[in-house]
Amino acid sequence: MNGRLIFLLEEASMKSLLDGLLPRLFPGWVEGQQFLCVKHEGKSDLDTSIPRKLSAWRIPGDRFVIVRDNDGANCIDVKARLLALCSANGRPDTLVRLVCQELESWYVGDLTALSKAFENPKLDTPALRKRFAIPDGWQKPSVELRRLSPTFQKGSGARAMAACLRETGNLSRSYQVFVDGVRRVAEEMGYQEVVNGL
């Protein structure tokens, strides 16, 4: 096994989620050893930071993953711009993943995990399954989530979901693509012996 996966993230809630989720997806992974999550203060901060971090990083074997919300933008254009930025700064092997449309899409994509995380069986009903059948299509799933669970907060919600999100069974296509991409890069780095965690 060589190197770590360095996740450059838009916000603290994604860091809270991945710090708890990645060791479940990849049993044996420890934050700081196999992966490192670096949070930023929104998209502008992340976009400004990417060239500096990618060009200055000198630890052999480390690979980068950029994760940010799409928030209704043209995902093809955003991803192409970020990939060009990575290539221009010496890291063409960077994995870029967009969350459609925001992190909470991943939560409503797995209502089983959501109801478990918030200890509320009313969050996983046939009506809600029908309503959130295409979770990535919701422009503001965070608003819907607050309607369903008025006490929902981004930070504590991310930590609770980190313990419950599953690798399979999530209807969010952006979540599926994220997990598949991270697993592929991990295998390319020599983590083949890692078995499916969830």
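Within the chain, what's the longest run with no GluC sites (Glu not before Pro) in a DSSP loop and at most 13 other beta-carbon atoms within 10 Å? Give the range, please. It would help to have the intermediate numbers written out before the result.
Working: sites that count: Glu41, Glu119, Glu193.
The longest uninterrupted stretch comes out as 42-118.
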Checked against the positive end of the charge dipole of the range 20-166 (+1 on Cβ of Lys and Arg, -1 on Cβ of Asp and Glu, about the Cα centre), the farthest of Ser156, Cys100, Gly72 is Ser156
Accessible area of the chain with a 1.4 Å probe: how many percent of it is carbon plus sulfur?
55
In the chain, which whole DSSP H runs stretch at least 18 Å along their own axis (Cα) and average 1.0 or higher on the Kyte-Doolittle scale?
75-88
For Arg4, distant residues with modelled amide H under 5 Å away:
Asp62, Arg63
Table column - 3J(HN,Hα) (Hz), the range 64-72, Karplus curve with 6.51, -1.76, 1.60, x for Gly and Pro:
10, 10, 9, 10, 8, 5, 7, 6, x
What's the center-to-center distance, using Cα atoms, between the range 101-116 and the range 1-58 in Å?
21
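Kindly report the accessible area of the range 10-104 per residue (heavy atoms of protein chains, probe 1.4 Å, no ligands, DNA or RNA), in Å².
Numbers: 3940 Å² over 95 residues.
Normalised by residue count, the accessible surface of the range 10-104 is 42 Å².
Which shape class, rounded, prolate or oblate, goes with the range 8-74 when its Cα gyration tensor gives a ≥ b ≥ c as root eigenvalues, a/c under 1.5 marks rounded, and past that a/b bigger than b/c marks prolate?
Numbers: a/c = 2.26, a/b = 1.22, b/c = 1.86.
Note, shape of the range 8-74 comes out oblate.
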Pairs over 31 Å Cα to Cα, from Lys39/Lys116; Lys122/Lys154; Lys15/Lys116; Lys79/Lys116; Lys79/Lys122, come to Lys79/Lys116; Lys79/Lys122
If amide hydrogens are placed 1.01 Å from N in the peptide plane, which non-local residues have theirs closer than 5 Å to the one on Ile66?
Leu8, Leu95, Val96, Arg97
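The values are calculated or read from the model by the stated rules, or taken from the named source; none is laboratory data. Here the structure is a predicted model, which means the values were calculated and not measured. So basically every Cβ, Gly included, is an ideal-geometry build from the backbone, and we count neighbours across all protein chains shown. Heads up: the accessible areas ignore ligands, DNA and RNA and are worked out on the full protein's heavy atoms, side chains in. Shrake-Rupley method; radii C 1.70, N 1.55, O 1.52, S 1.80 Å.
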